[in-house]
């Protein structure tokens, strides 16, 4: 069941590229499971790591953008992402190079056991912020629904003051029921 996930995570781990799951896989773990077409992963890399990232994914098994595209995306201050596609299954991972202003978000990640293996998952507050950023960039009610479900499911487990401060800093609006519960 989790093979599609590990096909993208294993190469990152073999090349020691720090990562954290965000997006629908993470919100499904923290909230309500739902089907998804891809994997969203924040990765901690710099321009010097571009070749290491490309080499992580075997070209006979994966499509990875050319080095100049990878370098251009890593250099972008905001909204950078790279598509990696597994050729046999045509499943996709969206890799998001971690922006400088989100470095502290990465420190909040946590290890989760999946099929007796450790997987790095962004903290639930960070997943919520990513979902709100995805919504701001492309719309989609599914992102807001994921946020609402996570907030209802996790309740007092969330670090709401930190979440509200980061959302305000980014100009993101939390759903009304999210701010009322703090």
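Values in this text are rule-based calculations from the coordinates and carry no lab data. Here the structure is a predicted model, which means the values were calculated and not measured. Cβ sites come from the backbone with ideal geometry, for glycine too, and all protein chains shown count toward neighbours.
Here the chain is treated as a Stokes sphere of Kirkwood radius computed over C-alpha pairs; at 37 °C and 0.692 mPa s its diffusion coefficient rounds to 195 µm²/s. The order of 143, 81, going from fewest to most other C-beta atoms within 10 Å of their C-beta, is 81, 143. In percent, rounded to a whole number, the relative contact order of the chain is 22, using alpha-carbon pairs under 8 Å and six or more apart. Neighbour counts of other Cβ atoms within 10 Å put 13, 116 in the fewest-to-most order 116, 13. In this simple spin-label model, placing a label point 7 Å from the Cα along the Cα-to-Cβ direction at both residue 2 and residue 117 gives a separation of 0.8 nm.
Return, ordered by residue number, the residues of segment 139-174 whose backbone nitrogen is under 20 Å from a label point located 7 Å along Cα→Cβ of residue 32. Residues 139-158, 174 fall inside that zone.
Using a simple spin-label model with pseudo-atoms 7 Å out from Cα toward Cβ, residue 169 and residue 16 lie 2.9 nm apart. The gain in end-to-end length when the residue 47 to residue 87 segment is fully stretched comes to 11.8 nm, 0.36 nm per residue minus the alpha carbon separation.
Shape class for segment 4-104, computed from the alpha carbon gyration tensor (a ≥ b ≥ c): oblate, with a/c not under 1.5 and a/b at or below b/c. Antiparallel beta bridges, as assigned by DSSP with both residues in the chain, represent about 70 percent of the total such bridges.
Relative to the longest principal axis of the Cα atoms of the chain, the long axis of helix 141-154 makes an angle of roughly 60 degrees.
Counting beta carbons within 10 Å around each of 105, 4 and listing the fewest first gives the order 4, 105.
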